[in-house]
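K.L.:
I have a structure I would like to understand better, so I am pasting it below and will then ask my questions one at a time.
The values are calculated or read from the model by the stated rules, or taken from the named source; none is laboratory data. Just so it is clear, the model here is predicted, and its values are computed rather than measured. Cβ coordinates were reconstructed from backbone atoms using ideal geometry, including for glycine residues, and neighbour counts include every protein chain displayed.
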Amino acid sequence: MATQDTVEDTVEAAETAEQSSEAKYPPLENPPYHVGIIMDGNGRWAKERGKHRLEGHKAGTENLRRILEASVEFGVKMLTIYAFSTENWKRPPMEVQGLMRILENVIDRELMDLHKNGVQLRHIGQLDRIDPSLRQKVLDAIELTKNNDRLILNVAFNYGGRAEIVHAVRRMIEDNVRPEDVSEELLSQYMYTAGSPDPDLIIRTSGEFRTSNFLIWQAAYAEYYITETYWPDFGKDEYYQALRAFSQRERRFGGVKNP
Ligand code: FPP
């Protein structure tokens with residue numbers, strides 16, 4: 001005979017799950033506020049399984065959902081993901097179209113859930129080369145979620161760090177900024193990330209030791225965590241390890257210890 005769960009059973013089960021997660025992932029004393037992720041290795045993940053590269057990107061997208069949930073649980077407040085770089089246009093047209101479709105599917109299928117869960121979506125990069133209907137979906141998603149504050153998710157899409165700096169300088173010139181008024185603080189205000197704190201931690205999967213034009217201005221003092229794991233396999237356990245490694249590091253921002 002099937003047992004009928006009571007409300008008490010359900011609450012108890014949820015509490016037990018929460019307690020066991022706390023035992024496995026004790027709260028971090030000093031979690032990074034802003035984490036950037038270079039989600040690399042989707043192609044190799046797919047190749048090793050005899051699948052098309054796009055299958056790797058799909059698996060990477062599913063992993064993103066896990067990492068979003070874990071970010072909330074572990075106390076990360078801002079996540080910036082490198083989803084499509086200005087250099088990615090050089091990939092085969094089918095892969096480029098596939099990545100565009102993935103962004104569209106994420107908005108179509110996940111937006112309401114993200115919104116319900118208090119995720120604020122933002123975009124960094126240039127939307128001009130993106131198909132107008134997708135561009136509009138991105139703008140609508142940003143508008144819908146703009147007051148959410150549980151987690152800020154910056155999607156770097158058609159993003160490049162050098163292009164961002166060029167864009168910022170152009171806008172400063174258009175605004176007739178005088179040379180003597182140019183400062184690091186002012187330039188930061190002309191970046192796509194204006195008003196956001198710099199990333200504390202950048203995670204790069206699949207073992208490459210490169211910045212690949214990701215947040216090159218903002219990551220000047222970021223800590224890096226590089227792992228051999230391909231992005232689709234970078235799960236909650238390893239994410240926690242990365243955050244814990246960060247929380248144990250001592251950041252001096254170019255200064256000295258106990259001056
Ligand atoms: C790098 O792996 C990954 C990308 C260029 C795309 C990352 C995109 C996703 C995970 C989808 C999530 C996206 C959105 C739009 C929310 P690679 O293809 O360079 O891997 P490889 O180096 O093994 O070939």
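K.L.:
May I ask you to verify whether Glu62 is part of a helix (DSSP H, G or I), surrounded by fewer than 18 Cβ atoms within 10 Å (Cβ to Cβ) and more than 11 Å from the ligand (Cβ to nearest atom)?
P.N.:
no
Listed here are the residues, each with its yes/no results for (1) surrounded by 12 or more Cβ atoms within 10 Å (Cβ to Cβ); (2) over 18 Å from the mean Cα position of the chain (by Cα); (3) under 25 Å from Ile203 (Cβ atoms).
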| residue | (1), (2), (3) |
| --- | --- |
| Leu103 | yes, no, yes |
| Asn117 | yes, no, yes |
| Arg129 | no, yes, no |
| Leu134 | yes, yes, no |
| Asp140 | yes, yes, no |
| Leu144 | yes, yes, no |
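K.L.:
Still on this structure, please answer the following. Being at pLDDT 95 or above and farther than 23 Å from Thr211 by Cβ: is that true of Leu114 here?
P.N.:
Considered against the rule, which asks whether it is at pLDDT 95 or above and farther than 23 Å from Thr211 by Cβ, Leu114 comes out as yes.
K.L.:
Still on this structure, please answer the following. Exactly one of these conditions fails for Gly254: (1) over 15 Å from Ile37 (Cβ atoms); (2) of a type outside the set (Val, Ile, Thr); (3) assigned to a helix (DSSP H, G or I). Give me its number.
P.N.:
If we test Gly254 against (1) over 15 Å from Ile37 (Cβ atoms); (2) of a type outside the set (Val, Ile, Thr); (3) assigned to a helix (DSSP H, G or I), just (3) comes out false.
K.L.:
So Gln120 clears everything in (1) within 12 Å of the ligand (Cβ to nearest atom); (2) closer than 22 Å to Leu215 by Cα; (3) in contact with a Lys or Arg (Cβ under 9 Å, 6 or more places away or on another chain) except one condition, right? Which one?
P.N.:
Gln120 satisfies all of (1) within 12 Å of the ligand (Cβ to nearest atom); (2) closer than 22 Å to Leu215 by Cα; (3) in contact with a Lys or Arg (Cβ under 9 Å, 6 or more places away or on another chain) except (1).
K.L.:
A further question follows. Answer with yes or no whether Arg44 is more than 20 Å from Leu121 (Cβ to Cβ) and near the ligand (Cβ under 9 Å from one of its atoms).
P.N.:
yes
K.L.:
Then there's this: Between Phe246, Phe209, Phe157, which is assigned to a loop (DSSP other than H, G, I, E, B) and in contact with a strand residue (DSSP E or B) (Cβ under 8 Å, 6 or more places away or on another chain)?
P.N.:
Phe209
K.L.:
Another question, then. Determine which member of the set Leu79, Leu111 is within 19 Å of Asn154 (Cβ to Cβ) and in a helix (DSSP H, G or I).
P.N.:
Checking each option against the conditions leaves just Leu111.
K.L.:
When only residues in region 71-87 that are more than 12 Å from the ligand (Cβ to nearest atom) and crowded, with 19+ Cβ neighbours inside 10 Å count, which is farthest from the chain's Cα centre (by Cα)?
P.N.:
Among them, the one singled out is Phe74.
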